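Colleague: Would you mind keeping the following structure in view while I ask a few things?
The values are calculated or read from the model by the stated rules, or taken from the named source; none is laboratory data. Nothing here was measured: the structure is a model prediction, and the numbers come from that model. Glycine also receives a Cβ, built like all others from the backbone with ideal geometry; neighbour counts cover every protein chain displayed. Ligands, DNA and RNA are excluded from the accessible area calculation, which covers all protein heavy atoms including side chains. Shrake-Rupley method; radii C 1.70, N 1.55, O 1.52, S 1.80 Å.
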Amino acid sequence: DKAYSFDKFDCEKYGLIKAYNFFYNSDNSKTPEYDVFFFGTYDQRYDNLVKILDSLDKQNLNVHSTLFSYDKKIVNEVKHKNISFINKIIPFNEAYVYNQNTEIILDIQHDTQVGLSFRPYEAMGLKKKLITTNPHIKEYEFYNPNNIFIWEKDTKEIPKSFLEIPYQDIDTETYNKYKLENWVKKMLS
């Protein structure tokens, strides 16, 4: 009866209802191995990922990325000291474990993407900082520049102040809005 999208431009273009993603895990008790981590698929974002990882590595941050690809040629030929590959899809309900293992989650948007991926919501749920290439995150009520750094094309490094300021909790009402159970209630209303 209803059709939703997390992308505001798709909503305008196709007459869809604006929605948002959610988080379902808030367990951040694991001691992180990495300072910054990206978990995703090997695709057109790869060059941007390498640029960001290399910049962060120069700041002496412990950075890593795990990328998925079925293509054995890519896995065997694409080498980077901070990137590893997996060749099996990780179920959605297990993928959050990767983000538990980092202080800061890295989010790299697709070129045509306007809406937010799951990473900002996972960061919120786990109460972790986020580095994102998606400038549209400023439009969301949970945006806080102390928690979320927007990496632009000309960015060379993360400001020390962003790295040193502890994560700042968002208000309880906003936090609860993005929990899975509230997302389900909204979709079924």
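Colleague: Considering each residue of the range 1-24, count those that are assigned to a loop (DSSP other than H, G, I, E, B) and either open to solvent by 80 Å² or more (accessible area, probe 1.4 Å) or at negative phi (or both), and give that number.
Modeller: Our first condition is that a residue be assigned to a loop (DSSP other than H, G, I, E, B); within the range 1-24, this holds for 1-3, 6-7, 15-16, 19-22, 24.
Narrowing further to those that are either open to solvent by 80 Å² or more (accessible area, probe 1.4 Å) or at negative phi (or both): 1-3, 6-7, 16, 19-22, 24.
Number of matching residues: 11.
Colleague: Still on this structure, please answer the following. For the range 25-45, which residues satisfy the criterion of being of a type outside the set (A, V, I, L, M, F, W, C), touching a helix residue (DSSP H, G or I) at 6+ places or on another chain (Cβ under 9 Å) and surrounded by 12 or more Cβ atoms within 10 Å (Cβ to Cβ)?
Modeller: Asn25, Ser26, Asn28, Lys30, Pro32, Asp35, Gly40, Tyr42
Colleague: Name the residues in the range 74-101 that are assigned to a loop (DSSP other than H, G, I, E, B) and open to solvent by 60 Å² or more (accessible area, probe 1.4 Å), would you?
Modeller: Lys79, Lys81, Asn87, Lys88, Ile89
Colleague: Hey, among the residues in the range 105-129 that are open to solvent by 10 Å² or more (accessible area, probe 1.4 Å) and out of contact with any Ser or Thr (no Cβ under 9 Å at 6 or more places or on another chain), which one's nearest to Ile158 (Cα to Cα)?
Modeller: Filtering first and then ranking leaves Lys129.
Colleague: Any residue that is touching a Phe, Trp or Tyr at 6+ places or on another chain (Cβ under 8 Å), part of a strand (DSSP E or B), open to solvent by less than 20 Å² (accessible area, probe 1.4 Å) and not polar (S, T, N, Q) - is there at least one of those in the range 130-142?
Modeller: The answer is yes, given that some residue of the range 130-142 is touching a Phe, Trp or Tyr at 6+ places or on another chain (Cβ under 8 Å), part of a strand (DSSP E or B), open to solvent by less than 20 Å² (accessible area, probe 1.4 Å) and not polar (S, T, N, Q).
Colleague: Next question, about the same structure. Find all pairs meeting these conditions: Cβ atoms under 9 angstrom apart; at least six residues apart or on different chains; first residue within the range 164-189 and closer than 16 Å to Asp27 by Cβ; second residue loosely packed, with under 13 Cβ neighbours inside 10 Å.
Modeller: Final answer for the pair search is Tyr167/Asn146; Tyr175/Asp169.
Colleague: Let me ask another. Within the range 60-73, restricting attention to residues that are assigned to a loop (DSSP other than H, G, I, E, B) and either in contact (Cβ under 8 Å) with a residue 60 or more places away in the chain or touching a helix residue (DSSP H, G or I) at 6+ places or on another chain (Cβ under 8 Å) (or both), which residue is nearest to Phe23 (Cα to Cα)? Break it down into steps so the answer makes sense when it comes.
Modeller: First, the residues of the range 60-73 that are assigned to a loop (DSSP other than H, G, I, E, B): 60-62, 69-71.
Now drop any that are not either in contact (Cβ under 8 Å) with a residue 60 or more places away in the chain or touching a helix residue (DSSP H, G or I) at 6+ places or on another chain (Cβ under 8 Å) (or both), which leaves 61, 69.
Details: Leu61: 26, Ser69: 25 Å.
Going through the qualifying residues, I end up with Ser69.
Colleague: Among the residues of the range 160-183, write down those that are surrounded by fewer than 12 Cβ atoms within 10 Å (Cβ to Cβ) and either not in a loop (DSSP other than H, G, I, E, B) or not charged (D, E, K, R) (or both).
Modeller: Lys160, Ser161, Glu164, Pro166, Gln168, Thr172, Glu173, Asn176, Glu181
Colleague: In this structure, is Leu56 over 11 Å from the mean Cα position of the chain (by Cα), modelled with pLDDT of 95 or more, assigned to a helix (DSSP H, G or I) and of a type in the set (A, V, I, L, M, F, W, C)?
Modeller: yes
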